[in-house]
Structures are given as structure tokens and as C-alpha cells.
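Since every read-out is calculated from the coordinates, none of them should be taken as a lab result. What you see is a predicted model; the values in this text were computed from it and never measured. Heads up, the Cβs are rebuilt from the backbone with ideal geometry, glycines too, and the neighbour counts pull from every protein chain shown.
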Amino acid sequence: MKIKGYVCALISAVTYGLIPLFILPLKAIHFSMDVTLFYRFFISAGIMLILLRYKKEHLKLKTKEIGVFLALGILFSLSSDLLFLAYDRLSAGIASTILFVFPVIVAIIMAIFFRERISAIMVISMAITLSGIYVLSGASTASINFNGLALALGSALAYALYIVTVNKSNIKASGIKTTFYSLLFSALYYLIKSVLGRESLAIPDLHILLHITLFGLITSVVSITTLVYAIGYIGSTPTAILGALEPVVAVIISVMLFGEKLTFALLLGVLLIVGGVLVSIVFSRAKTATEEISAV
């Protein structure tokens with residue numbers, strides 16, 4: 001079971017890290033990102049619905065759950081929206097790496113709004129992570145676009161709020177059901193945005209349709225489903241640690257396929273951010289284990 005868990009975690013991290021491989025070619029031909037993301041989430045929600053019916057889970061929602069899932073869908077959508085806007089101003093590798101700071105942002109939110117104490121280790125983790133962001137500021141041949149940096153950090157903040165909302169909402173729904181409604185409301189968000197922007201929902205050719213379908217299938221359905229199973233098999237901490245492969249994969253794709261220059265600053269910045277986040281994850285796990293032993 002542990003082997004299955006590690007394999008699932010690896011698949012989840014790698015497939016999510018493949019996002020630049022799908023989104024950048026569509027940006028290159030100036031295909032609407034709102035329409036792209038509508039179909040990505042709509043197709044993904046449809047596949048998750050099939051999985052839900054296979055598992056014989058009901059789809060009924062209580063009034064409170066509708067509000068929570070709507071909020072989750074908006075946060076999930078904003079995270080994607082801001083990340084892909086950041087791609088226009090930063091390399092995909094740098095933007096994806098900055099997104100990976102979301103666990104640190106979660107810790108800060110929990111400390112400010114839920115009175116959780118920030119330990120010395122967490123302060124060190126934040127310092128390492130911020131150092132990585134600073135180093136990445138010099139990772140491009142030109143100075144970094146600070147609008148892009150703000151957008152990538154905004155994406156990380158939206159995803160951190162998504163995680164906090166899931167943890168603190170006290171809704172009793174499975175991970176697959178939560179994912180289904182998050183994807184469904186995300187699709188609704190982009191549908192409304194596309195309609196208000198008077199963008200055509202027509203897909204010009206079969207090649208683009210196949211591309212978007214694979215985009216949704218690989219980076220949403222496969223990534224999220226294997227993530228759920230990985231957490232079930234080996235727990236959240238090992239899964240989160242292996243999630244460090246996500247920005248690494250994005251950087252590799254950005255360098256090998258899209259011309260990002262591999263510099264020492266880029267490598268050091270990525271290592272600092274990933275290392276800083278891993279420090280916080282490992283410490284959180286060690287703290288939890290110590291508390292469980294003390295309780296016994």
C-alpha cells in the first residue's frame with residue numbers, strides 16, 4: 001500500500017507540474033484563457049462525476065454546503081486565473097515555483113486568524129522561502145516583473161485560502177465530492193467570465209479540443225485523484241513532500257521546451273523555496289506526531 005501511495009504522490013506531483021506544457025501553447029496562439037479554463041474544469045468535473053457515481057456517492061448539498069463549495073470554486077478559479085496571468089509576465093518555472101509557497105501562507109493565515117502559534121522553525125522556514133523569492137528576482141536575464149511576482153503570490157494566497165476553507169468549514173464530504181464541486185463551480189466561474197467578456201465558446205478545431213481535454217484530464221483529474229489516493233495510502237505529509245516535484249517539473253519544462261535560461265540564480269531560488277516549504281511541512285508532521293504521543 002505504501003508503494004502505491006508513493007507512486008500516486010509522484011504521479012500527482014508530476015502531472016500537476018505539466019500545466020505549462022498545456023497552457024503555454026494555447027497562450028502562444030492567443031486562444032482565450034477563460035474559455036480554455038472553462039472547458040478544463042467542465043470536462044474534469046464531468047469525469048469526476050462519473051467517478052462519484054461509480055462510488056455510489058450522493059450529490060445532494062445542504063444550504064451551508066452550497067455556500068462553502070461556491071467559495072471553494074471561486075478560490076480555486078482565482079488561483080488558476082492569477083497563475084496564468086503571471087505566466088504572461090514571468091517564466092512558467094518561476095511562477096510555478098512561487099505558487100509553491102502556499103503552505104507557508106497557510107501557516108501565516110492560521111496564526112493570524114486562528115491563533116495558532118508560529119514556532120521558531122516556521123520563522124526559519126518563512127525566511128528561507130522569502131530568500132528564495134528574493135533570489136528568483138534576479139533569476140531572469142532582465143529584472144523580474146514585479147506585477148508578475150504579485151500575481152503569482154496572489155495565486156498562492158488564493159490556493160492557501162482554499163485549503164484553509166476546506167479545513168475549517170466542517171463540511172462532511174469526501175475528497176472526491178469536494179473536488180467535484182470545486183471543479184464544477186470553477187467551470188461556472190469561467191463560463192460567466194467568458195459570457196460577460198463576450199468570448200465565443202466555440203473551439204475552432206479538433207486539435208485544440210483534444211489539447212484542452214488532455215489538459216483537464218492530466219492536470220486536474222489524474223493529479224487530483226492520485227493526490228486523494230496518495231493521502232489515503234501514506235498520509236498528507238509524505239504526499240506534500242513529494243509535491244515539491246511540481247515546481248521542479250515546471251522549471252524543467254520551462255527550460256527545455258520554452259527557452260527559459262537555466263541560471264544559478266534560478267536553481268538557487270527554486271532550491272530555497274522548495275527547501276523552505278519542506279522544512280515547514282516536515283516540522284508540522286513532527287509536531288503532530290509529538291502531540292499524539294503526548295496525548296497517549
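Say the dipole of the chain comes from +1 at the beta carbon of Lys and Arg and -1 at that of Asp and Glu; which of Ile208, Phe69, Ile43 then lies farthest toward its positive end?
Comparing the listed Cα positions along the dipole, Phe69 ranks first.
Could you order the peptides 58-71, 24-37, 172-185 from most to least packed, using the average number of other C-beta atoms within 10 Å per residue?
172-185, 24-37, 58-71
Using only helices, what value at 222 nm comes out for the chain when you add -39,500 (n - 2.57) per DSSP H run of length 4 or more and divide by the total residues, to the nearest 500 deg cm²/dmol?
Theoretical 222 nm ellipticity from helices: -26000 deg cm²/dmol.
Using the crude model of +1 on Lys and Arg Cβ and -1 on Asp and Glu Cβ, and no other charge, please compute the dipole size for the chain relative to its Cα centre, in debye to 20.
Here the size comes out at about 800 debye.
Considering the values [x] 1.03; [y] 0.96; [z] 0.99, which represents Rg/Rh (Cα atoms, Kirkwood Rh) as calculated for the structure under consideration?
Recomputing Rg/Rh (Cα atoms, Kirkwood Rh) here gives the entry labelled [y].
So what's the net charge close to Tyr87: Lys and Arg +1, Asp and Glu -1, counting the other residues with Cβ under 13 Å from its Cβ?
-1
Taking a temperature of 4 °C and a viscosity of 1.567 mPa s, what whole-number D in µm²/s does Stokes-Einstein yield for the stretch 39-175 with Rh from Kirkwood over alpha carbon pairs?
77 µm²/s
Of the peptides 163-171, 121-129, 214-222, how do they stack up when ordered by the mean number of other Cβ atoms within 10 Å, highest first?
214-222, 121-129, 163-171
Which of the residue pairs Lys4/Lys172; Lys60/Lys177; Lys62/Lys172; Lys62/Lys177; Lys60/Lys193; Lys4/Lys168 have a Cα-Cα distance greater than 20 Å in the structure shown?
Exceeds cut-off: Lys4/Lys172; Lys60/Lys193; Lys4/Lys168.
Between the stretch 91-105 and the stretch 147-218, how far is it from one alpha carbon centroid to the other, in angstrom?
17 Å
Would you mind getting me the FRET efficiency between Arg53 and Lys2? Use the beta-carbon distance for r and R0 = 30 Å, nearest 0.05.
My answer for the efficiency is 0.50.
What percent does the relative contact order of the stretch 59-216 come to when contacts are Cα pairs within less than 8 Å and at least six residues apart?
42 percent.
Averaging sequence separations of C-alpha pairs under 8 Å and six or more residues apart, then dividing by the length of the chain, give the relative contact order as a whole percent.
44 percent
Measuring from a point 7 Å past the Cα of Met256 along Cα-to-C-beta, which residues in the stretch 6-31 have an amide N at less than 14 Å?
What the label zone holds, given the 14 Å backbone N cut-off, is 14-15, 17-22.
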